[in-house]
Amino acid sequence: MSKPNRLINETSPYLLQHSNNPVDWYPWCDEAFQKAADEDKPIFLSIGYSTCHWCHVMEKESFEDEEVAALMNNVFVSIKVDREERPDIDHIYMMVCQMMTGSGGWPLSIIMTPDRKPFFAGTYFPKENRYGRIGFKELIRSIDNAWKTKRNDIIESADDITNYLKQIYKKDSDANITEEIVDKAFYHFAKRFDDKFGGFGSSPKFPSPHNLMFLLRHWKKTGNPLALEMVTKTLTNMRMGGIYDHVGFGFHRYSTDKEWLVPHFEKMLYDQAMLIIIYSEAYTATGNSEFKKTAEEIIEYLLRDMHADNGGFYSAEDADSEGEEGKFYVWTNSELIDILGTEDADFASRLFNATETGNFLEESTRKNNGTNILHLKKSRNDLSEETGLSAEELDKKIELIRIKLYDYRKKRIPPFKDDKILLDWNALMIAALSIAGRSFNNKKYLSIAAGCYAFINKFLTASNGALLHMYRDNRASVSAKLDDYAFFIWGLIELYQSNFDTKYILHAVELCNSAIDKFWDNESGGFYFSTDDDLSLLVRTKEIYDGAIPSGNSVMFSNLLRLSRITADNIFEEYSGKLLNTFSESISGAPSGSTFLISYLDFYWGNSYEIIISSDQLNKAVDDILSKLNKNFIPNKIIVAKYDPLSPPFNYLKNYSSKSGTPLIYVCKNFTCELPIKNLEGHESLFSSL
């Protein structure tokens with residue numbers, strides 16, 4: 001093993017994975033850039049994350065190889081960055097890669113000048129020429145030759161790229177945001193919808209829950225049955241497919257095929273959180289118990305495997321174990337027989353569609369290798385009818401089999417767990433648990449969400465109230481970015497909407513003001529991803545596109561709108577209008593890329609409910625009212641509870657009162673308020689149109 005390099009002193013699991021490479025890695029630091037300038041060398045920047053399969057492959061092939069490392073050390077100053085620890089750096093150089101190559105992904109490989117200006121970009125490179133890709137060894141030699149013989153061309157190219165990056169964050173030209181934008185986004189998904197397997201397009205297929213959230217709201221608004229079908233078929237087929245872990249629960253990252261059968265096996269915390277939200281919402285919209293069960297199972301997985309004793313949630317689990325992707329999760333028929341016995345193994349094989357030849361393709365040969373990815377092809381009702389078992393008997397039998405398989409699987413070598421705790425992803429979990437808690441009337445989930453909030457307050461909040469991005473090994477590090485603030489505000493709003501503890505909404509207001517102060521672009525509008533105090537960044541990026549999770553600007557749009565209604569402070573709504581105007585051209589050009597923001601346009605236009613419950617205390621009568629409200633899918637509502645007459649959270653609530661201890665419900669719609677009512681019986685029509 002090589003002598004440890006400079007990464008040995010880092011806390012990021014991804015950087016520590018590379019700390020014994022023979023490559024003379026530096027973390028992102030001034031020392032590395034100064035060394036490159038002093039030695040007149042280009043910088044090789046490698047960005048990835050700890051559970052990235054192809055990052056592991058490139059490390060094994062090249063970064064652990066003495067010959068390749070010697071070449072790198074001779075030609076480059078090499079910097080390794082964890083994209084999850086430093087998403088601000090990743091944002092900049094991923095945009096460069098997409099701009100230069102038309103695509104992106106990880107590992108991200110950037111070659112740049114000592115002053116951080118990129119001139120070459122790519123992703124994975126094999127050690128030798130293959131897959132139609134230049135080999136990494138040949139690439140290094142080519143870059144070395146160009147650096148020495150074509151320096152002026154390189155500098156000119158790097159300057160052009162940098163100047164372009166600095167220009168693209170200027171304000172868009174104004175575009176008119178109308179209902180057409182919403183319809184255009186809907187028709188985009190309708191055109192790409194796979195009506196057999198659900199999802200959109202062919203392969204790979206990503207869950208992208210925020211797109212389904214948009215479609216569910218579009219159905220609620222328009223009554224279009226296709227919008228609902230796209231949601232329910234996709235959620236049903238994902239839950240039945242191999243992308244779902246039928247033994248240990250939780251969803252894998254994405255499906256490599258159109259049938260949701262063969263996943264990329266890593267599990268990410270943010271995927272689980274967003275999927276909890278959409279399955280919970282779909283349950284309240286449809287009453288489908290399988291959606292509720294799925295959300296509950298995801299939460300069970302997270303609490304069992306990803307929940308730290310301090311209240312935070314870990315980041316991810318790897319796709320690989322023992323050097324093979326998916327090995328931990330797949331099964332042979334002989335294993336099923338050994339574990340379950342012949343009769344139950346036969347039942348399990350029919351249930352989970354396992355065969356002697358297997359259904360998991362060997363990557364190198366693309367042939368079945370005798371292992372099976374467990375998945376369902378029939379619904380619970382169909383299985384009950386086919387087996388002659390009642391639904392209760394069937395569930396009991398399946399659960400007994402699942403537990404036996406789970407207990408056996410625990411003896412295998414598990415995938416690597418990335419145990420760093422990230423503020424933005426944990427904030428998503430607060431939102432998810434809060435939504436599930438009120439959707440299912442489950443106080444335990446709300447308690448866990450409150451515990452996660454307490455963790456962030458204790459470990460990821462500086463003494464001056466500023467947030468920090470990452471926690472690991474009893475150390476918090478990296479200043480918080482826009483996503484940390486945006487998702488935390490979202491989580492606090494959802495937690496307040498679920499338990500009405502005033503401290504959460506007051507903290508949300510405080511953080512929203514901080515986000516405006518730290519990230520708002522006073523010249524062109526919108527929120528930057530990072531603050532202006534990190535001089536090591538080439539540019540400050542500004543995102544509106546929703547990727548695997550919604551963008552910080554999309555989430556801030558919804559936060560500003562909801563806080564404006566809750567607080568009756570118009571300044572928040574003014575900022576939401578400015579944000580919408582800033583990105584109007586981008587949204588108009590590709591509305592399906594900003595579905596989270598578009599989901600709140602109806603709210604922005606005033607088609608919303610503000611429900612104020614005034615009572616002298618949060619008692620059973622109030623709980624009953626909230627329970628009835630939460631059983632319905634009413635996405636465009638906010639609820640404010642006034643239960644302390646002496647100290648309401650906002651001054652305007654002083655005008656709302658209750659009589660004789662009986663809660664009164666004030667309902668406002670489209671900027672118009674109804675007379676107060678004492679209960680919801682007979683007033684269901686108030687909520688029928690949204």
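The values are calculated or read from the model by the stated rules, or taken from the named source; none is laboratory data. Keep in mind it's a predicted model, so treat the numbers as computed, not measured. Cβ coordinates were reconstructed from backbone atoms using ideal geometry, including for glycine residues, and neighbour counts include every protein chain displayed.
Before we move on, is Lys654 over 36 Å from the mean Cα position of the chain (by Cα) and modelled with pLDDT of 80 or more?
Yes: the conditions hold for Lys654.
Which of the numbered conditions does Asn381 fail, given that it passes all the others? Conditions: (1) in contact with a Gly (Cβ under 6 Å, 6 or more places away or on another chain); (2) at pLDDT below 90.
Failing condition for Asn381: (1).
Out of all the residues in the stretch 349-364, which are of a type in the set (A, V, I, L, M) and either touching a strand residue (DSSP E or B) at 6+ places or on another chain (Cβ under 8 Å) or at pLDDT 95 or above (or both)?
Within the stretch 349-364, Ala354, Leu361 qualify.
Checking Asn636 against (1) modelled with pLDDT under 90; (2) under 19 Å from Ser439 (Cβ atoms); (3) polar (S, T, N, Q); (4) surrounded by 15 or more Cβ atoms within 10 Å (Cβ to Cβ), which test does it fail?
Among (1) modelled with pLDDT under 90; (2) under 19 Å from Ser439 (Cβ atoms); (3) polar (S, T, N, Q); (4) surrounded by 15 or more Cβ atoms within 10 Å (Cβ to Cβ), the lone unmet condition for Asn636 is (1).
Please verify whether Arg86 is touching a residue at least 60 places away in the same chain (Cβ under 8 Å) and of a type in the set (Lys, Arg), treating the condition exactly as stated.
In short, yes.
With the requirement that a residue be part of a loop (DSSP other than H, G, I, E, B) and either in contact with a Leu (Cβ under 9 Å, 6 or more places away or on another chain) or farther than 15 Å from Phe125 by Cβ (or both), what does the stretch 38-72 give you?
Within the stretch 38-72, Asp40, Lys41, Pro42, Tyr49, Ser50, Thr51 qualify.
Residue check, His246 against (1) at pLDDT 95 or above; (2) part of a helix (DSSP H, G or I); (3) not polar (S, T, N, Q), all met but one. Which one?
Against the list (1) at pLDDT 95 or above; (2) part of a helix (DSSP H, G or I); (3) not polar (S, T, N, Q), His246 comes up short only on (2).
Being hydrophobic (A, V, I, L, M, F, W, C), over 30 Å from Asp115 (Cβ atoms) and under 25 Å from the mean Cα position of the chain (by Cα) is true for just one of Val622, Val555. Which residue is that?
Criteria check complete, one pass: Val555.
Residues that are of a type in the set (A, V, I, L, M) and either assigned to a helix (DSSP H, G or I) or modelled with pLDDT of 90 or more (or both): does the stretch 163-174 have at least one?
yes
When you go through Phe527, Phe487, Phe500 one by one, which is the residue that is in the same structural domain as Thr461 (by TED's automatic domain parsing) and touching a Pro at 6+ places or on another chain (Cβ under 9 Å)?
Phe487
Could you check how many residues of the stretch 551-570 are hydroxyl-bearing (Ser, Thr, Tyr) and within 17 Å of Tyr496 (Cβ to Cβ)?
Total satisfying the criteria: 3.
Please indicate, with yes or no, whether at least one residue in the stretch 66-76 is over 28 Å from Thr541 (Cβ atoms), among the small types (Gly, Ala, Ser) and in contact with a Lys or Arg (Cβ under 8 Å, 6 or more places away or on another chain).
no
Return a yes/no flag: does the stretch 254-261 have any residue that is crowded, with 22+ Cβ neighbours inside 10 Å, in contact with a Gly (Cβ under 8 Å, 6 or more places away or on another chain) and outside any helix (DSSP H, G or I).
Yes, some residue in the stretch 254-261 is crowded, with 22+ Cβ neighbours inside 10 Å, in contact with a Gly (Cβ under 8 Å, 6 or more places away or on another chain) and outside any helix (DSSP H, G or I).
Can you go through Trp25, Trp54 and tell me which one is assigned by TED's automatic domain parsing to the domain that holds Phe120, hydrophobic (A, V, I, L, M, F, W, C) and modelled with pLDDT under 95?
Going through Trp25, Trp54 in turn, the sole match is Trp54.
Would you pick out the residues in the stretch 311-339 that are among the hydrophobic types (A, V, I, L, M, F, W, C) and either part of a helix (DSSP H, G or I) or within 23 Å of the chain's Cα centre (by Cα) (or both)?
Listed by number, the residues that qualify are Phe313, Ala316, Ala319, Leu336, Ile337, Ile339.
Only one of (1) at pLDDT 95 or above; (2) within 30 Å of Asp30 (Cβ to Cβ); (3) among the hydroxyl-bearing types (Ser, Thr, Tyr) fails for Thr541. Which number is that?
The number of the failed condition is (1).
One line per residue, one yes/no per condition, for (1) closer than 13 Å to Leu336 by Cα; (2) loosely packed, with under 12 Cβ neighbours inside 10 Å; (3) in contact with a helix residue (DSSP H, G or I) (Cβ under 8 Å, 6 or more places away or on another chain); (4) among the small types (Gly, Ala, Ser):
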site: Asn372; (1), (2), (3), (4): yes, no, yes, no
site: Lys378; (1), (2), (3), (4): no, no, yes, no
site: Asp395; (1), (2), (3), (4): no, no, yes, no
site: Leu405; (1), (2), (3), (4): yes, no, yes, no
site: Lys410; (1), (2), (3), (4): no, yes, no, no
site: Pro414; (1), (2), (3), (4): no, no, no, no
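Per-residue answers, yes or no, for (1) over 30 Å from Phe455 (Cα atoms); (2) not aromatic (Phe, Trp, Tyr):
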| site | (1), (2) |
| --- | --- |
| Phe352 | yes, no |
| Gly370 | yes, yes |
| Glu386 | yes, yes |
| Arg402 | yes, yes |
| Lys420 | no, yes |
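If Leu618 satisfies all but one of (1) within 30 Å of Glu674 (Cα to Cα); (2) of a type in the set (A, V, I, L, M); (3) not in a loop (DSSP other than H, G, I, E, B), what's the number of the condition it fails?
Result: Leu618 fails condition (3) only.
For the stretch 253-270, name all the residues that are in contact with a helix residue (DSSP H, G or I) (Cβ under 9 Å, 6 or more places away or on another chain) and over 14 Å from Leu235 (Cα atoms).
Arg253, His264, Phe265, Glu266, Lys267, Met268, Leu269, Tyr270
Looking at Glu325, Glu317, Glu296, Glu343 in this structure, which one is buried (at least 20 other Cβ atoms within 10 Å of the Cβ), out of contact with any strand residue (DSSP E or B) (no Cβ under 7 Å at 6 or more places or on another chain) and of a type outside the set (A, V, I, L, M)?
Glu325
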